[in-house]
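The values are calculated or read from the model by the stated rules, or taken from the named source; none is laboratory data. All of these numbers come straight from a predicted model, not from anything done at the bench. Ideal geometry is used to build each Cβ from the backbone, glycine not excepted, and the neighbour counts take in all protein chains shown. SASA here: full protein model, heavy atoms, side chains in, ligands and nucleic acids out. Shrake-Rupley method; radii C 1.70, N 1.55, O 1.52, S 1.80 Å.
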Amino acid sequence: DLGDSTYTCGRRPDAMKLWALWKYHGRRGLGKRVDDKVTSLATLSGLIQKHESFMLACEPWPFNINFFYLPPRIKRELQARGIPTNQSRCHILPNDISK
């Protein structure tokens, strides 16, 4: 296993990147970057919820948004089965749609 001896593999490079980021931006700068990303996450989540062709797969969680694209045919099929397409749905799987 060469992973242990390779600098670019594992947590060591992540720790080095975080240290360099912290040294360059400082505590306040790093905090501002995190706050900006949280704001972007909320904005994107809102846009997805408003758009009729997209549906959140589940509620957004730290820096991740999972969503489905719903072509008109699939959206009609879900609505015909009584499955709401305007809210987060963690339990809908593609297999449910294809049945």
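Rounded to the nearest whole Hz, the Karplus-based 3J(HN,Hα) values (6.51 cos²θ - 1.76 cosθ + 1.60, θ = phi - 60°) of segment 53-62 follow the sequence 9, 10, 9, 5, 6, 7, 4, x, 9, x, with x at glycine and proline.
Going by accessible surface with a 1.4 Å probe and the largest first, T85, T43 read T43, T85. State the percent of C-alpha pairs, over all pairs in segment 11-54, separated by a distance greater than 14 angstrom. Here the tail beyond 14 Å accounts for 64 percent of pairs.
In this view, the solvent-accessible surface of L44, computed with a 1.4 Å probe and all protein chains in place, comes to about 80 Å².
Over all other residues within a Cβ to Cβ distance under 12 Å of V34, the charged ones net out to +3, with Lys and Arg as +1 and Asp and Glu as -1.
Computed from phi, the 3J(HN,Hα) profile of segment 63-74 under the Karplus parametrisation 6.51, -1.76, 1.60 (θ = phi - 60°) reads 6, 9, 10, 10, 8, 10, 8, 10, x, x, 4, 5 Hz, with x in place of Gly and Pro. Note on E77: accessible area is roughly 70 Å² with a 1.4 Å probe, heavy atoms of protein only.
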